[in-house]
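S.K.: First the structure, which I've put down as structure tokens, then a few questions once you've had a look.
The values are calculated or read from the model by the stated rules, or taken from the named source; none is laboratory data. Fair warning: this is a prediction, and the values are worked out from it, not measured in the lab. All Cβ positions, glycine included, derive from the backbone under ideal geometry; neighbour counts span all protein chains shown.
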Amino acid sequence: MPYRIAKITVIAANLAMAGAVHAQEAASVAQAKPVADFYRDNTIFMVIGSASGGGFDYYARTIAKYMTSHMPGKPSVVPQNLPGSGGIAAGSRVAVTAPQDGTYIGAIHPTTIVDPVLGDPSKGTKPLSFSYLGSASVNVEACFMRADAAAKTFEDLFQNEVVFGAATHSSSSREYAALLQNVLGMKVRLVSGYKGSNEIMLALERGEVKATCGAGYLNVLASYPKWFEDDLIRMVSYQGEKTLTGGKELRFAKPTMAYAKTEEQRQILALYDLQEEFGRPYVTGPGVPSDRVAALRKAFLDTLNDKDFRHEIESRGLDIAPLSGEDLQQIVNKIYNAPPDLLRKTRKALGYE
């Protein structure tokens, strides 16, 4: 009897080993497939780090719609919304739990990438490894202020206090208001806790708050054109150092950087503003074979340059500014490799240390 049990055990072990070897061989064959053969009749899942509806979701779904025709093998690209933890849930899905075979890509937020070094250390957010496909646009965020606020210009905030509306503690609306207060020394009184940008804009329109920051200026311009036509609410500053060109909505606005008085102030603002250069990052997993990453990167950029895609996006008042995966990686490296003291000072200015 013991001999029989031992024999059965050996047979079972041999079968298990054979199964493992077969699975490994099958995986190796799949990895070795030419890119077009792998993706033919396959599905790519685009994990979107926001709830359905809104500009972020619309942008990602439109990319998914057009990207199919630019991929070798013409796989289906199926959007899946996975909001949560400020976009980190979607990033974790692509980087950690999804198959590392190029069938999952993520439309994530810049904060998902930079939160481990610029966010609240008490959250213990760990860096996620990605293969970067690129970014679809810059994200020029701006500050908006009612014309009847106590400060008539952005510079007046050095003398006159204004109530700013903001969302959660980790939102850009709260963070950028904190930079104005803690870096530039402007008189900002913060009212936070709004559920999102729509609620903040409604409060601004009603006069419950007199200003807000951290909103994409093109989205605000497209959604509330009457504000600027009637001079009810003014765009008073924007992130970055580039000079924007456009209509009368820009007549009161200068880069926030223009108000920095010291080199340290400029360095903190410049480090935080690097995020705007990749306003809509798209990623895949760190273990995806290099030939599939290359194919995804090319298809992503080809999609952004597709004339029908561009027409559909631009007709919604959204912008397109393609950034390659390689260039996105370099910007991310620049943030992570910033001097530790500068990272610490930036977190402190944001209210995290």
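S.K.: When you check residue 79 against the structure, is it surrounded by fewer than 22 Cβ atoms within 10 Å (Cβ to Cβ), touching a helix residue (DSSP H, G or I) at 6+ places or on another chain (Cβ under 9 Å) and assigned to a strand (DSSP E or B), yes or no?
M.R.: So residue 79 fits the description; yes.
S.K.: Okay, moving on. Residue 321 passes all but one of (1) part of a helix (DSSP H, G or I); (2) surrounded by 15 or more Cβ atoms within 10 Å (Cβ to Cβ); which number fails?
M.R.: (1)
S.K.: Restricting to the range 124-149, what's the tally of residues that are in contact (Cβ under 8 Å) with a residue 40 or more places away in the chain, surrounded by fewer than 16 Cβ atoms within 10 Å (Cβ to Cβ) and touching a helix residue (DSSP H, G or I) at 6+ places or on another chain (Cβ under 9 Å)?
M.R.: Going through the range 124-149 one residue at a time, the tally reaches 2.
S.K.: Related question: Among the listed residues 148, 120, identify the single one that is assigned by TED's automatic domain parsing to the domain that holds residue 326 and among the acidic types (Asp, Glu).
M.R.: 120 is the lone residue from the list that is assigned by TED's automatic domain parsing to the domain that holds residue 326 and among the acidic types (Asp, Glu).
S.K.: Oh, and also: Can you pull out every residue in the range 91-110 that is assigned to a helix (DSSP H, G or I) and within 16 Å of residue 60 (Cα to Cα)?
M.R.: 91, 94, 110
S.K.: Taking the residues in the range 327-353 that are charged (D, E, K, R) and without any contact (Cβ under 8 Å) to a residue 12 or more places away in the chain as candidates, determine which candidate is surrounded by the fewest Cβ atoms within 10 Å (Cβ to Cβ).
M.R.: Only one residue tops the list, namely 341.
S.K.: In the range 202-226, what count of residues is obtained for those that are buried (at least 20 other Cβ atoms within 10 Å of the Cβ) and modelled with pLDDT of 95 or more?
M.R.: Here the count works out to 6.
S.K.: Within the set of pairs 6 or more residues apart or between chains, which connect a residue that is in contact (Cβ under 8 Å) with a residue 24 or more places away in the chain and at positive phi inside the range 199-223 to a residue that is assigned to a strand (DSSP E or B) and surrounded by 15 or more Cβ atoms within 10 Å (Cβ to Cβ) with Cβ atoms less than 6 Å apart?
M.R.: Once the first residue is in contact (Cβ under 8 Å) with a residue 24 or more places away in the chain and at positive phi and sits in the range 199-223, its partners that are assigned to a strand (DSSP E or B) and surrounded by 15 or more Cβ atoms within 10 Å (Cβ to Cβ) give 214/141.
S.K.: May I pose another question? Do we have residue 125 as hydroxyl-bearing (Ser, Thr, Tyr), under 12 Å from the mean Cα position of the chain (by Cα) and within 28 Å of residue 256 (Cβ to Cβ) here?
M.R.: Here the answer is no, as residue 125 does not meet what is asked.
S.K.: Might you check whether a residue that is closer than 21 Å to residue 108 by Cβ and under 21 Å from the mean Cα position of the chain (by Cα) occurs anywhere in the range 259-270?
M.R.: Within the range 259-270 (the criterion being closer than 21 Å to residue 108 by Cβ and under 21 Å from the mean Cα position of the chain (by Cα)), the answer is no, since none of the residues qualifies.
S.K.: So residue 249 fits all but one of (1) exposed (fewer than 15 other Cβ atoms within 10 Å of the Cβ); (2) without any contact (Cβ under 8 Å) to a residue 40 or more places away in the chain; what number is the exception?
M.R.: Failing condition for residue 249: (1).
S.K.: Return the residues of the range 167-186 that are within 21 Å of residue 147 (Cβ to Cβ) and out of contact with any Phe, Trp or Tyr (no Cβ under 7 Å at 6 or more places or on another chain); say none if nothing qualifies.
M.R.: Once the filter is applied, which keeps residues that are within 21 Å of residue 147 (Cβ to Cβ) and out of contact with any Phe, Trp or Tyr (no Cβ under 7 Å at 6 or more places or on another chain), the range 167-186 yields 173, 176, 180.
S.K.: Then there's this: Please enumerate the residues belonging to the range 201-220 that are over 20 Å from the mean Cα position of the chain (by Cα) and of a type in the set (A, V, I, L, M).
M.R.: Scanning the range 201-220 gives 201, 202, 203, 204, 209, 211.
S.K.: For the range 105-152, give me each residue that is at positive phi and modelled with pLDDT of 95 or more.
M.R.: Scanning the range 105-152 gives a single hit, 134.
S.K.: Could you figure out which of (1) closer than 24 Å to residue 285 by Cβ; (2) more than 17 Å from the chain's Cα centre (by Cα) isn't true of residue 116?
M.R.: All conditions pass for residue 116, except number (2).
S.K.: Okay, next question. Would it be correct to say that residue 88 is touching a Pro at 6+ places or on another chain (Cβ under 8 Å) and either in a strand (DSSP E or B) or surrounded by 20 or more Cβ atoms within 10 Å (Cβ to Cβ) (or both)?
M.R.: It is false that residue 88 is touching a Pro at 6+ places or on another chain (Cβ under 8 Å) and either in a strand (DSSP E or B) or surrounded by 20 or more Cβ atoms within 10 Å (Cβ to Cβ) (or both).
S.K.: Next question. Having 2 or more residues that are closer than 30 Å to residue 46 by Cα is the bar; report the strands (runs of 3 or more DSSP E) wholly within the range 111-204 that clear it.
M.R.: Qualifying strands (runs of 3 or more DSSP E): 131-135, 141-146.
S.K.: If I filter the range 265-293 down to residues being free of Cβ contacts under 8 Å to residues at least 60 places away in the same chain and either in contact with a Gly (Cβ under 7 Å, 6 or more places away or on another chain) or of a type outside the set (Lys, Arg) (or both), which single residue comes out as surrounded by the fewest Cβ atoms within 10 Å (Cβ to Cβ)?
M.R.: Step by step, filter the range 265-293, then rank; the result is 290.
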